[in-house]
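Chemist: One structure is given below, represented as structure tokens, and several questions about it will come after.
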Amino acid sequence: MSPTDLALTDAVVDERWRHRPTTQGARSPAGLVQWAGVTLVAGVTAGLGAVGLHAMLAAGDLGRSLSLARGEMAGPALFCVVAVIVVCERLWPAEARPLLARGHLVDAGYLALFALAVVPPLTMVQTGVAIEVRRHASFLVLSRFAFIPRLAVEGIVLVGVDAMNWLAHRANHRFVTLWRLHALHHSQEEMGVFTTFRTHPLVHSVYLVSLFPALVLSATGGVPAVAVIVYGCLVTLPHANLRWTFGPLGKVFVSPAYHRIHHARTYPGDGEAVNFGFVLACWDRLARRAVFPVGPALPTGLDGRPVPIEQESAPRQLARTVFDQLAQPFRRATALEA
Ligand SMILES: [Zn+2]
Ligand SMILES: [Zn+2]
């Protein structure tokens, strides 16, 4: 095995490699390891989903649980917020482009896919995680702290969720196998509010760690649905095609201009990825990976277009392009791992 193979099989992404031009992926041992990793993630996810589905069927509340989850993750509040942001994007765009730009159309398709086809199985998987944690790692679930006010518990859980999302996002950039799933999100060259939902469905498996704060403190109190909905809306705003920096508040909360730097084709400074935060910028500041916006909006996307993208396909081929995007992580050889 060559030194190059060894460097790749340790599964750590070199950020310079991340921006390598497209090449035809060879069937290298490293490619096989990454393919096996994606297949393993898919297998574990399916297993957890089966556990969750079985439990919901046994409890007789499958329909109710899925309906509640859809309301929290893809309900009317989210669509209203998205609609308002679309209007703002037309009024104050960071990058002027047609409303029906190909990137917008495809990413709107990803929103529909999320609401209709991802939320139900994701709910089953989340239920499966909760069951398996209580079954095999019950020591993680702390006993009740009666002295902590309910509001404080809710705040701690939400901050914990944001910290876990930051860690999972960092891992998506750190490990080649996970980057195979996350690269689709970064491939958008016409970033807008719909890009929030431009994710491979299996990426949500990585973010399952965000369930842990609520599980750990479940005996003391939960987070109300309205807080989950508000958090979901706050996560959506940073992808907007807006110049908004939030002024002084932009040092605390993730703004569209701040998150755009995370999607930049070329990172400023040392060339490594920055600005992993979802809602709070403090995690990036603690890790010294925060770069605050100054100057014009940077172009987004991936150098060399290693992910099939709609901007280089014919308008009639958009559905085929989306299929290729979703299938790419399962291919033995891809331009992402050559
Ligand atoms: Zn990222
Ligand atoms: Zn993003």
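Chemist: Mind checking which residues of region 235-256 are within 13 Å of ligand 2 (Cβ to nearest atom) and either without any contact (Cβ under 8 Å) to a residue 40 or more places away in the chain or in a helix (DSSP H, G or I) (or both)?
Modeler: Val235, Thr236, Leu237, Pro238, His239, Val254, Ser255, Pro256
Chemist: State whether one or more residues within region 212-226 are without any contact (Cβ under 8 Å) to a residue 24 or more places away in the chain and surrounded by fewer than 19 Cβ atoms within 10 Å (Cβ to Cβ).
Modeler: There is at least one residue in region 212-226 that is without any contact (Cβ under 8 Å) to a residue 24 or more places away in the chain and surrounded by fewer than 19 Cβ atoms within 10 Å (Cβ to Cβ).
Chemist: Also, I was wondering about something else. Look at Leu217 and say whether it is closer than 23 Å to Phe79 by Cα and more than 16 Å from ligand 2 (Cβ to nearest atom).
Modeler: Criteria not met by Leu217.
Chemist: Okay, next question. Search region 230-285 for residues being within 16 Å of ligand 1 (Cβ to nearest atom) and among the β-branched types (Val, Ile, Thr), and hand back the single one that is surrounded by the most Cβ atoms within 10 Å (Cβ to Cβ).
Modeler: Here the residue is Val254.
Chemist: Give me the pairs: first residue in region 107-133 and hydroxyl-bearing (Ser, Thr, Tyr), second residue part of a helix (DSSP H, G or I), beta-carbon distance under 7 Å, and six or more apart or on different chains, which are they?
Modeler: Tyr110/Phe194; Tyr110/Phe197; Thr123/Ser65; Thr123/Leu66; Thr123/Ala69; Thr127/Gly52; Thr127/Ala55; Thr127/Met56
Chemist: Please list, ordered by first then second residue, the pairs with beta carbon atoms under 8 Å, 6 or more apart or interchain, first in region 88-104 and farther than 14 Å from Leu242 by Cβ, second of a type in the set (Lys, Arg) and part of a helix (DSSP H, G or I).
Modeler: Partner pairs satisfying both residue conditions: Leu99/Arg90.
Chemist: I've got another one for you. Give the residues of region 164-198 that are within 13 Å of ligand 1 (Cβ to nearest atom), touching a residue at least 40 places away in the same chain (Cβ under 8 Å) and either in contact with a Phe, Trp or Tyr (Cβ under 7 Å, 6 or more places away or on another chain) or aromatic (Phe, Trp, Tyr) (or both), sorted by residue number.
Modeler: Asn165, Trp166, Ala168, His169, Arg170, His173, Phe175, Trp179, Arg198, listed by residue number.
Chemist: Within region 86-96, is even one residue surrounded by 19 or more Cβ atoms within 10 Å (Cβ to Cβ), under 16 Å from Val193 (Cα atoms), of a type in the set (Phe, Trp, Tyr) and modelled with pLDDT of 90 or more?
Modeler: Within region 86-96 (the criterion being surrounded by 19 or more Cβ atoms within 10 Å (Cβ to Cβ), under 16 Å from Val193 (Cα atoms), of a type in the set (Phe, Trp, Tyr) and modelled with pLDDT of 90 or more), the answer is no, since none of the residues qualifies.
The values are calculated or read from the model by the stated rules, or taken from the named source; none is laboratory data. Given the structure is predicted, the values throughout are model-derived calculations rather than measurements. Cβ atoms come from the backbone with ideal geometry, glycine included; neighbour counts cover every protein chain shown.
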